[in-house]
Amino acid sequence: MAEAVTPPRIRPHLGRDEWLMGGGLLVLALYLAVTLLIPLVIMLAKSLEDRQGVFVGLSNFAQYFSNPARSGAVGNSLWVSALATLIVIALAFGYAYALTRSCIPFQGLFRLVAMAPLLAPSLLSAIALIYLFGNQGIFKGWLFGESIYGPIGIVIGSVFWTFPHALIILITALSSADARLYEASESLGATRWRTFITVTLPGARYGLISATFVVFTLVITDFGVPKVIGGQFNMLATDIYKQVVGQQNFQMGAVVSLILLLPAVLAFFVERWAQTRQSSAVSSRAVHYQPKPRPGRDWALLGLVSVVAMLILGILGMAAFASLAKLWPYNLSLTLSHYDFSNADGGSWTSYGNSIRLALYTAFFGSLIVFAGAYLVEKSRVAQPLRTATHLLALIPMAVPGMVLGLAYIFFFNAPGNPLNFLYGSMTILVLATIAHFYTVSHLTALTALKQLDPEFESVSASLKTPFYRTFWRVTTPMCLPAILDIGIYFFINAMTTVSAVVFLYSPDTTLASVAVLNMDDAGDTAPAAAMAMLIVLTAGVVRLLHTGLSHWLHRHTQAWRR
Amino acid sequence: MKLSKLAQALWCAAAVAGFTTVVQAKTELLVYTAVEADELAGFKQAIEADYPDLDIKWVRDSTGIITAKLLAEKANPQADVVWGLAATSLKFLADQGYFQPYAPKGVEQLDPKYMDSAKPPVWVGQRAWIASLCFNTVEAEKLKLPKPTTWQDLTKPEFKGHVVMPNPNSSGTGFLDVSAWLQMWGEEKGWKFMDGLHQNIAQYTHSGSKPCKMAAAGEIPVGISFAYRGAQEKTKGAPIDVIAPSEGVGWDLEAFAITKGTKNLGAAKQLADWSVTRKANELYNQGYAVVAMPGVAKPVPNFPAGIANLMIKNNFEWAAQHREAILAEWAKRYDSKSEPKK
Amino acid sequence: MADPYLRIRNLSKRFGEFTALDDVSIDIHQGEFVCFLGPSGCGKTTLLRAISGLDIQTHGTVEQNGRDISALPPAKRDFGIVFQSYALFQNLTVARNIAYGLENRKQPKAAIQQRVKDLLELIGLPDSGHKYPSQLSGGQQQRVALARALAISPGLLLLDEPLSALDAKVRVYLRDEIKALQRRLGITTIMITHDQEEAISMADRIVVMRDGRIEQVGTPLEIYHQPASLFVAEFIGAMNLLPATLVRQGEIQLGQTRLACKINGFAAGAAVHAAVRPEDVVCTGRTNGHANSFQAEVQDMEFMGPFFWLSLGGGELGEHRLRAQVSSQQARELDLQLRDAMHLHIPAEHIRLFPNGYPHG
């Protein structure tokens, strides 16, 4: 017999669907390249240049590490982030445990309170902490002579604003427990402690890892809290600020940004790994765990939860009081005058209106882009390398400090000859920056929702000769609507509260409330800063409530087909 | 029929839009500034009253952010005019060829020491922004602190942990203090003073007005800040004294310059011309005691008396040249302290 | 014979270094019901996805009804598909699901409604049109998925393990129903399954696959009675595999006995596997009455209702173990007891020889 001749390789023809999907992916990849990758590369390349823009290799890094004052920030950032993470995880685990595994009353209320810090700019906690524990603070004595300005303040402030992030992950991890394991453990005569150690903790371990790294990344890249309350305590995030804003040394700023990227990137990938493990750890046959009342445990947990909730409310309450007190600490009569922003630095009701506009645009276009993008990454049949590349691009923003992104935008969008230059100084560029800044979490939320759909919808649709976009519109989108709403609210709230990226990008017509908070606090106008921050909290809170209402309505009206 | 009605409506809309454009044929001037926001509205009003064709658009932020933004935009400058920014920052940008030299009409009436020495000047000063101490009398009483009258007083042991100053690495005010001490006393004595001061510092802040705000709020008894902020706080009712230490005080100028290549050069020149007028200087004087035009300044409430005489002979050239070295030295000496003082 | 409806030639699919499909060729005729059968990872799903265009092969051609569709995207091919997961659109009613493929074709509304009504009747759910999928049982959902696939009257129906997610009882019921429907419509159908019983009961022809290659193609009877390889022999139905030696052409040594067999093609003295179906072992009782028989002891008996599983060994079998299936009636007649020595007869035509060597090498 003759040797079998290998038939020619098949080059798949592309149909309309394939062209559209491939084209969509290409557009998305270009979008992410333009709004994220290229600006970042331009910015970070400066770490290899001197001030005149001449290539100098790694000498900036050498210079950075030879200055103990600078490189000390690396250690500081690491240990402060680690400590804050440890505290948040311990508290959030207890809190999540109480909400999922005990029979304490008012669980809904406690859950609501715990989520409140999400609504506030991270500066708010720092302002409240100064009023609580500062040299004139009500509870100054509790610090035993230690100063709130420095690591203590940074840790407490960070714990406050990252707490809900950890809590959400841990509640998910703990509520997916398999009751059968507990029954098995009980029937084997294991003590409660042993059950906790051998069943509860391992069951939640990926959630714990995940939460740990999320919190760590958030703390180490945040600059709001250390800036306001960190005193002269050096952290990487504030160091970028000092380099860029204090000395206009972009090159050194880029060096610090790159250094800051490393732990954040590492943390990020460990977190992703843990996430995939968590989801596969629970089998579909798991039986939902129903806690039974046990007074000893329940009272103890109620105590813990109450204390944490009181602290959160205390900090928010203090901020509210700060916004109302006439002249802290000498005249504590209440006034609404701080809400008249006409005299305060940069803050005005116009900025507030701009912030609302930014938040609305970001929520609308952000969820649109992110969801359609995640759909193409997850469901399209073509261009595998492009899908992987796009997915990786979408994961970058989590590790990028906002200030770096903001400056990167100036360098890219304001470059002479860039055809996108017309966007510079517009509302659009703020929307683009904010979407890019908060892309990762939204992207992952969308992916999670899409992964829960039957993977064969697109195949069925193709076999029925129905274009994929029709199925996307008629099936995928309605089924993912709750997730899309979640993404929208996430964008809205973050657009209301974000400072770091947009501070370099706003124009006279697009001043923002969150930037005003920073500027007013910077100038020492603490009360108006607190007032504006409270306004943001209230707005975000109202929108959150609307969102909850809408979700409920949606849930009721789609009950027929959701089980 | 319907279509023609629509077309008609569109025509009307277009005509109205066109008409509005004609009416609004004002020149929009993008002005980057670090002047405190509460003053900006007044300036805008005054400028546009004198030059009705101008429409001033402020981009206002702290000195650091504005300077960083200007520098980042260097490849394609957006601002038409930089106005009310620290002369040190302007000088830094001017050295990179950022500005268009221009001698505003009437500039000769200003004190030459308040502007760039080139002819025509690249930048022109508007008013001086002078270092001062904010001293909280209520807190001082509680702590039995004497009122400091000199810089050296602040190095005394009783002030340990009671002084806040801005970090020169992030604040222009911080830098003008350091620069002034070194210029007044020379390198050796200057650093020795700062070594002593460092022992008493509770905190280095990021911004220059923060120490005074902290003093006003009683967070700290003594804040090293600048006079305008102190006067403002005192006027608002804070229990503070604004003190100009007797050895001499550092200062910087709020100054303006026209961006090279601006598309609105004519309008930019109009703003520059306005900015050196007597009327402008009178307005400057509402908040600041020292302005560029001699003989205009009236005492400003709550400003330390005689502060103008205590202003050191400031060598901007020297400061700009040595800035990087000074900041590095400062960071090496004081910034590595990772724990705040107790 | 007419040209095949589906002609697959030299199909290969590689994922990097891994070869999922290795030079597969097969013809499928109009109106045929063909099952791709094999363990997971054998390439049957890859083959189905290549035929549908959902994952196009690396090499080789597919022709449908004389048209080369090798490189076409799924939307340009002519097939309907049903998945194990049903893949019903949860947010659309049953009627909208079925109408989904029709709505895109600019047909009059009334025609669509009529078609949906007919299909609902065809699958025996005439009153469920307004319900949502989640309100139906698994079996009902799968029937809706079938109706949706059939709605556009495709030339080819692809079933991707359609019954695997269902309960045993529903599975058997739906098996018959799908088969009857297929007969009635005469639609060419390919089903993939790892369940040999399902394949045998439903298919006109079975394609047994292993490691990306076709092991055997044949009717269920051929596959069952004339397995072409040790793998097929073992994979389909129960099978005794006994190591033996070919003494001379047509005779093997098995333990201490010699048995005649029909299949040749091995050299004398070769070590072989003798394959015997349990039901082909005839228990003749306590006395020897047949040729091609031997004696062994009943070492285990398992009552299964209509029949017994016997486990035989010792005697002339020696170390070998042989499973036999004996009807309950015969067992009663023989008064079969544990430890009984029995005479066993295997007709020569039911002994098949395969080369020695374990099939899952």
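The values are calculated or read from the model by the stated rules, or taken from the named source; none is laboratory data. Keep in mind that what you see is a predicted model, and the values were worked out from it rather than measured. Because the Cβ atoms are built from the backbone with ideal geometry, glycine has one as well, and the counts that use them run over all protein chains shown.
Assorted remarks:
- Failed item in (1) facing chain A (nearest Cβ under 10 Å); (2) under 18 Å from the mean Cα position of the chain (by Cα), with C:Asn10 passing the rest: (2)
- From the list B:Ala118, B:Ala79, the one residue that fits, being over 25 Å from B:Asn285 (Cβ atoms), of a type in the set (Gly, Ala, Ser) and surrounded by fewer than 20 Cβ atoms within 10 Å (Cβ to Cβ), is B:Ala118.
- On inspection, B:Ala297 passes the criterion of being farther than 30 Å from A:Gly150 by Cβ, modelled with pLDDT under 90 and not basic (Lys, Arg).
- Residues that are in a loop (DSSP other than H, G, I, E, B) and either away from chain A (no Cβ under 11 Å) or touching a Lys or Arg at 6+ places or on another chain (Cβ under 8 Å) (or both) within the stretch B:224-268 comprise B:Ala244, B:Pro245, B:Ser246, B:Glu247, B:Gly248, B:Gly250, B:Lys260, B:Thr262, B:Lys263, B:Asn264, listed in sequence order.
- Residue selected from the stretch C:233-263 under the condition free of Cβ contacts under 8 Å to residues at least 24 places away in the same chain and touching a Leu at 6+ places or on another chain (Cβ under 9 Å), by the criterion nearest to C:Ala324 (Cα to Cα): C:Gln253
- Residue within the stretch B:63-86 that is part of a helix (DSSP H, G or I), out of contact with any helix residue (DSSP H, G or I) (no Cβ under 9 Å at 6 or more places or on another chain), polar (S, T, N, Q) and at pLDDT below 95 present: no
- Residues of the stretch C:307-338 satisfying the condition of being touching a Cys at 6+ places or on another chain (Cβ under 7 Å) and buried (at least 17 other Cβ atoms within 10 Å of the Cβ): C:Ala324, C:Val326
Residue-wise test of (1) in a helix (DSSP H, G or I); (2) touching a residue at least 40 places away in the same chain (Cβ under 8 Å); (3) among the charged types (D, E, K, R).
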position: A:Ser442; (1), (2), (3): yes, yes, no
position: A:Glu458; (1), (2), (3): yes, yes, yes
position: A:Thr476; (1), (2), (3): yes, yes, no
position: A:Leu481; (1), (2), (3): yes, yes, no
position: A:Ile484; (1), (2), (3): yes, yes, no
position: A:Phe492; (1), (2), (3): yes, yes, no
position: A:Ser500; (1), (2), (3): no, yes, no
position: A:Tyr506; (1), (2), (3): no, yes, no
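- Subset of the stretch A:439-458 [within 7 Å of another protein chain (Cβ to nearest Cβ) and modelled with pLDDT of 90 or more]: A:Phe457
- Selection count, the stretch A:320-337, where residues are in contact with a Ser or Thr (Cβ under 8 Å, 6 or more places away or on another chain) and away from chain B (no Cβ under 12 Å): 1
- All conditions in (1) in contact with a strand residue (DSSP E or B) (Cβ under 7 Å, 6 or more places away or on another chain); (2) small (Gly, Ala, Ser); (3) under 30 Å from B:Leu71 (Cβ atoms) hold for A:Ala408, with the sole exception of (1).
- Restricted to the stretch C:243-337, the set of strands (runs of 3 or more DSSP E) holding at least 2 residues that are acidic (Asp, Glu) and farther than 19 Å from C:Pro227 by Cβ comprises C:293-303.
- Considering residues of the stretch C:70-88 that are assigned to a loop (DSSP other than H, G, I, E, B) and at the interface with chain A (Cβ under 7 Å from one of its Cβ atoms) only, the residue surrounded by the fewest Cβ atoms within 10 Å (Cβ to Cβ): C:Ala71
- Considering the stretch B:205-223, the residues that are outside any helix (DSSP H, G or I) and in contact with a Ser or Thr (Cβ under 8 Å, 6 or more places away or on another chain) include one that is farthest from the other protein chains (Cβ to nearest Cβ), namely B:Gly208.
- Selection status of B:Ala320, within 14 Å of chain A (Cβ to nearest Cβ), within 19 Å of B:Val122 (Cα to Cα) and touching a residue at least 60 places away in the same chain (Cβ under 8 Å): yes
- Helices (runs of 4 or more DSSP H) fully within the stretch A:206-312 that include at least 1 residues being β-branched (Val, Ile, Thr), closer than 30 Å to B:Glu73 by Cα and at pLDDT below 80: A:224-229, A:250-281.
- So C:Val62, is it under 26 Å from A:Pro12 (Cα atoms), buried (at least 23 other Cβ atoms within 10 Å of the Cβ) and within 11 Å of another protein chain (Cβ to nearest Cβ): yes
- Only one entry of A:Val404, A:Val377, A:Val370 meets the criterion of being within 14 Å of chain B (Cβ to nearest Cβ) and either buried (at least 24 other Cβ atoms within 10 Å of the Cβ) or under 30 Å from A:Ser461 (Cα atoms) (or both), and that entry is A:Val404.
- Residue identified as part of a strand (DSSP E or B), within 20 Å of the chain's Cα centre (by Cα) and closer than 30 Å to B:Asn309 by Cβ among B:Gly42, B:Gly125: B:Gly125
- The stretch A:338-349, residues that are assigned to a helix (DSSP H, G or I), of a type in the set (Ser, Thr, Tyr) and within 14 Å of chain B (Cβ to nearest Cβ): A:Ser342
- Selection from the stretch B:60-76 of residues that are crowded, with 20+ Cβ neighbours inside 10 Å and farther than 21 Å from B:Leu40 by Cβ: B:Leu71, B:Ala72
- Matching helices (runs of 4 or more DSSP H) fully within the stretch A:15-100 where at least 2 residues are farther than 18 Å from A:Ala389 by Cβ and within 14 Å of chain C (Cβ to nearest Cβ): A:16-32
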